[in-house]
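Structure, as structure tokens:
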Amino acid sequence: MSSVTVRVPAKVNVQLSVGPLRDDGYHDLVNVFHAVSIFDEVVASESETIGVSVTGEWADRVPVDDSNLAVRAARALAKHAGRTYGVDLVIRKAIPVAGGMAGGSADAAGALLACNELWGLGLPREDLMEIGADLGSDVPFALMGGTAVGTGRGERLAPLTTRGAFHWAFAIADGGLSTPTVYAECDRLRAATSSKIPWPEVDPDLMEALRTGDPHGLALHLANDLQPAALALRPSLATTLAAGRAAGALAALVSGSGPTCAFLAADAAHATRLAQALAQTEGTYTAIPTSGPAPGATLL
Ligand code: C5P
């Protein structure tokens, strides 16, 4: 086998409840992940050494040195296998970079699955998820896909069975936000109030809306504890959220640590109309209609 291609989805968090800061610098979460049909592709080809190049819309924002998450994933997998392997990775980016849609985690997940195949390792997906968890909290979910409840720092996953499809429009902002900076701002805002930070719990009404495929129910229960921090760091996101609501979105929220904003639609045509309206909003680079749940990393 000389070349393998893997397709990996972006995600939105339909519930992101952030608990207290832990001693290891992470936060305990209830993180309800939902994979959507915006995909990066990772092509892995035979090579003597490990290297990466990036093509596509957001290519110039992705590092191509050893800090690249796909490179780190390939190195971690080779180390796990106890061998010196090489691979030439090409990432075709469609997921926004530093957008709160887990694009870097998607590329790491794609590299794990592609190299597992290219190198003939035959590791089960669970093993790849375990290796991926050390690379980033969202990597295991990019391998799993669908809809899932993440606990711990988001890496411990329980899949959820949902009904039908949910339709979304995503407004991609000019420029990204750093995830650690947004978590730190969340901590700072919380420290300024004296109230005790509650232990994160799954919202049963949100679960019911997901199970029954009810977008109106889901709209009432979407929640993101990182949203106030993202808005504090990027006040213009309030305008984007308001524009989507004014255009008729069932609900609007910041996706993960942002700055991408997610808008829930009643159906596919509604999502297309919302994206068209959002594309005209100041500060929005582009707007994309899509749907979920999407499958996790898949060999093409
Ligand atoms: O795990 P990942 O590398 O994607 O996390 C990026 C950063 O986000 C962490 O360094 C940390 O600052 C923050 N984070 C957190 N709690 C989590 C997940 C991420 O504080 N559960």
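Can you tell me which lysines have their Cα less than 20 Å from the Cα of K196? Leave out same-chain residues fewer than eight positions away.
none
Cut-off 16 Å, label point 7 angstrom out along Cα-to-Cβ of R211: give me the residues of segment 143-166 whose amide nitrogen falls inside.
Label zone hits: 147-149, 158-164.
Using a Gaussian network model of the chain whose springs link C-alpha atoms within less than 10 Å, name the residue from T290, T193, T151 with the highest mean-square fluctuation.
T193
Give or take rounding to whole Å, what are the principal axis extents of the alpha carbon atoms in segment 1-119, in descending order?
Cα extents, longest axis first: 45, 33, 23 Å.
Among rounded, prolate and oblate, which fits segment 140-282 when a ≥ b ≥ c are the square roots of the eigenvalues of its C-alpha gyration tensor, a/c under 1.5 means rounded, and a/b larger than b/c means prolate?
Because a/c hits 1.5 or more and a/b fails to exceed b/c, segment 140-282 counts as oblate.
Helix 179-191 versus the longest principal axis of the chain: what angle, 0 to 90°, nearest 10, using Cα atoms?
40 degrees
If the cut-off is 21 Å between C-alpha atoms, which lysines fall inside it for K11, apart from same-chain ones fewer than 8 positions away?
The reachable lysines, counting only those whose Cα sits under 21 Å from K11, are K93.
With a probe of 1.4 Å, find how much accessible area segment 225-287 has per residue, and write the answer as a whole number in Å².
Counting only protein heavy atoms, the per-residue value for segment 225-287 is 38 Å².
What number results when the radius of gyration of the chain, computed over Cα atoms, is divided by 2.2 N^0.38 Å?
For the chain, the normalised Cα radius of gyration is 0.97.
Calculate, in whole percent, how much of the Cα-Cα pair population of segment 52-171 lies beyond 19 Å.
49 percent
Where a ≥ b ≥ c are the square roots of the eigenvalues of the C-alpha gyration tensor, would you call segment 128-187 rounded, which needs a/c under 1.5, or, failing that, prolate if a/b is larger than b/c, or oblate?
Taking the square roots of the gyration eigenvalues as a ≥ b ≥ c, segment 128-187 is oblate.
Helix 268-279 versus the longest principal axis of the chain: what is the Cα-based angle in degrees, 0 to 90, to the nearest 10?
80 degrees
Measure out, as a whole number of angstrom, how far apart the alpha-carbon centroids of segment 268-297 and segment 9-74 sit.
Rounded to whole Å, the Cα centres lie 21 Å apart.
Ignoring the sites themselves, what is the longest stretch of the chain with no trypsin sites (Lys or Arg not before Pro) in a DSSP loop and at most 11 other beta-carbon atoms within 10 Å?
The answer is 197-300.
Between L237, L264, L123, find the one with the highest GNM mean-square fluctuation for the chain; connect C-alpha pairs within less than 10 Å.
L123
Leaving ligands, DNA and RNA out of it, work out the accessible area of E130 with a 1.4 Å probe and give it in Å² to the nearest 10.
140 Å²
Which one, S45, S67, S178, has the greatest fluctuation when you compute a Gaussian network model over the chain with C-alpha springs under 10 angstrom?
Among S45, S67, S178, the largest GNM mean-square fluctuation belongs to S67.
How many Å² of accessible area per residue for segment 1-75, probe 1.4 Å?
With the other protein chains kept in place, segment 1-75 gives 41 Å² per residue.
Could you work out how far apart the two model spin labels at A279 and T49 are, taking each label as a point 7 Å from the Cα in the direction of the beta carbon, and quote it in nm?
Between A279 and T49, the label points sit 4.2 nm apart.
In whole percent, how big is the carbon plus sulfur part of the accessible area of the chain, probe 1.4 Å, protein atoms only?
About 51 percent, which is the carbon plus sulfur part of the accessible surface.
The values are calculated or read from the model by the stated rules, or taken from the named source; none is laboratory data. These numbers come from a predicted model, not from an experiment. Glycine gets a Cβ as well: all are built from the backbone with ideal geometry, and neighbour counts include every protein chain shown. All accessible areas refer to the heavy atoms of the entire protein, side chains included, with ligands and DNA or RNA removed. Shrake-Rupley method; radii C 1.70, N 1.55, O 1.52, S 1.80 Å.
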